[in-house]
Amino acid sequence: MSRFPAPVIRLLFSSFVFVMGRAVALPFMALYLHEHLGINQQTIGWVLGGSIFFSTLFSLYAGYLADRLSKNLLMKLAGVVVAVCTVSLTIAPNAWTALLALMCIESALTLRGISLKATLADLLPPEQRPKAFSLNYTLINVAFALGPVLGAWLFAIKVSGPLWLAAVFSLLASQVLGKPAAIVKTTSEIKSSPAGFMATMRVLRSDRRLILFTLGSVLTSFVFGRFVSGYLSQYLIVSQGTQATAQLLPFILITNAVTVVVLQYPVGKLMQQKYLFRWVSLGAMLYAAGLLGFMHASSAVSWVVATLVFTVGEVIVIPCEYMFIDMIAPADKRGSYYGAQSLAMFGAALNPVICGYLLAHFHSDVMFWVLISAALLGVLLYFAGMRSKPAEEHVSEASETEPAPAVCKPQTCLSVLAASKQFAGNRVKNLYPFY
């Protein structure tokens with residue numbers, strides 16, 4: 001961490017403080033809503049799920065804002081919004097007001113996360129970004145290892161205690177940020193700033209690599225996004241009962257947290273952009289191996305070993321997802337590209353729904369094979385994205401299809417015919433993205 005510039009260290013520390021606020025309150029949100037508002041579990045599910053769904057859609061506009069406005073200002077504003085809305089939950093009179101407050105909180109979290117990643121990319125050269133992304137993810141996991149313990153102590157004293165402390169952490173994180181670091185932009189970057197939101201969306205939609213990488217992230221997020229609180233909990237309840245589930249989950253959670261904290265930064269230091277596909281392939285293979293281990297686990301030790309293998313895959317895939325986007329994002333549209341990549345959260349949101357359906361209607365092995373297939377298909381999409389041409393090359397190819405003038409010199413006509421032949425060959429290759 002000492003090798004990073006001072007603004008990056010301050011930014012990462014601010015991220016840790018901010019996530020501590022989330023970690024203190026988030027695990028107890030469902031309990032708080034039930035105690036404070038007296039609503040049932042189904043309504044709580046709609047409130048929590050609806051807020052996440054809204055924030056995921058908002059990520060596209062959040063990325064656009066990160067490109068247009070000061071990222072430092074947006075992160076500070078997000079901290080204030082989270083603090084105010086968290087406090088408002090303590091006086092929310094019904095589920096609708098709680099939903100509105102949580103929608104604002106989740107959207108502010110999305111905006112801050114995108115601004116943070118874009119700022120790290122602005123401040124660091126490409127070779128240092130994997131280390132920064134990995135260290136940030138490590139700090140997030142450390143916060144979620146410490147925060148719930150503090151939150152549980154406060155919750156026992158006063159039901160709204162974790163919310164008040166979460167608000168304090170959010171405001172403190174804004175203060176830790178300090179003044180924005182100087183970021184030098186070239187003239188071309190300034191001139192190429194997006195003219196409007198819809199124009200930016202058209203740019204994103206035309207980038208085939210971005211679409212393929214994002215779809216790959218949706219599938220990998222579907223596999224690991226809710227693997228403990230989602231399908232593993234559901235599977236254990238169905239296969240072994242509530243009592244056995246309560247005994248096994250602590251071992252799984254501790255193994256996951258310790259592995260991420262210990263390995264995330266060292267592994268992130270080893271990653272290089274030119275070997276990115278090899279890394280994500282290795283991560284997906286470890287996902288598959290871990291899922292096979294879950295499928296056949298018969299003791300606490302086997303569950304721990306399978307979790308360890310699966311978590312190493314998580315340690316590898318998480319920074320890879322960001323680095324694939326960082327590799328293709330134009331400097332003036334980093335926020336928008338990271339915003340598009342945040343749509344991968346839909347994969348995590350769909351996980352409990354799809355896995356619950358599979359467990360209810362099929363043999364449990366079917367669920368694990370679907371998850372393994374999703375991991376492998378995600379790798380294929382990343383491969384297709386790596387083989388796909390940059391958006392600007394597609395634009396230049398499109399310009400080559402314009403009809404040539406009716407009258408031309410012989411040499412020019414021959415050049416046009418040669419170019420057309422080469423273009424036709426390129427189009428045939430594009431029909432086979434794995435060529």
Surpassing 22 Å at the alpha-carbon level, of the pairs LYS274/LYS389; LYS131/LYS274; LYS71/LYS333; LYS71/LYS269; LYS117/LYS179; LYS333/LYS389, are LYS71/LYS269
Where the Cα atoms of segment 1-117 are projected onto their three principal axes, how long is each span, largest first, in whole Å?
49, 28, 20
Taking a crude spin-label model, label points 7 Å out from Cα along the C-beta direction, the ARG10 to SER298 distance in nm is 5.9
Computed label-point distance, nm, for sites GLN175 and VAL203 using a 7 Å Cα→Cβ extension:
3.7
Using the reciprocal of the averaged 1/r over all distinct C-alpha pairs, how large is the Kirkwood radius of segment 293-386 in Å?
15.6
Show me the ranking of peptides 235-244, 259-268 by mean Cβ neighbours inside 10 Å, starting with the highest.
259-268, 235-244
Count charges around ARG22 for me, please; just the other residues with Cβ under 11 Å from its Cβ, Lys/Arg as +1, Asp/Glu as -1.
0
Residue-level accessible surface for CYS104, protein heavy atoms, 1.4 Å, Å²
50
So for segment 259-316, Kirkwood radius off the Cα pairs, Stokes-Einstein at 4 °C and 1.567 mPa s: how many µm² s⁻¹?
110
Treating only Lys and Arg (+1) and Asp and Glu (-1) as charged, each at its beta carbon, one finds that segment 10-141 has a dipole about its Cα centre, in Debye to the nearest 20, of 360
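The values are calculated or read from the model by the stated rules, or taken from the named source; none is laboratory data. Just so it is clear, the structure is predicted and the values come from calculations on it, not from any experiment. Note that we place each Cβ from the backbone using ideal geometry, even for glycine, and neighbour counts take in every protein chain shown. Note: accessible area is taken over every heavy atom of the protein model, side chains too, but ligands, DNA and RNA are not part of it. Shrake-Rupley method; radii C 1.70, N 1.55, O 1.52, S 1.80 Å.
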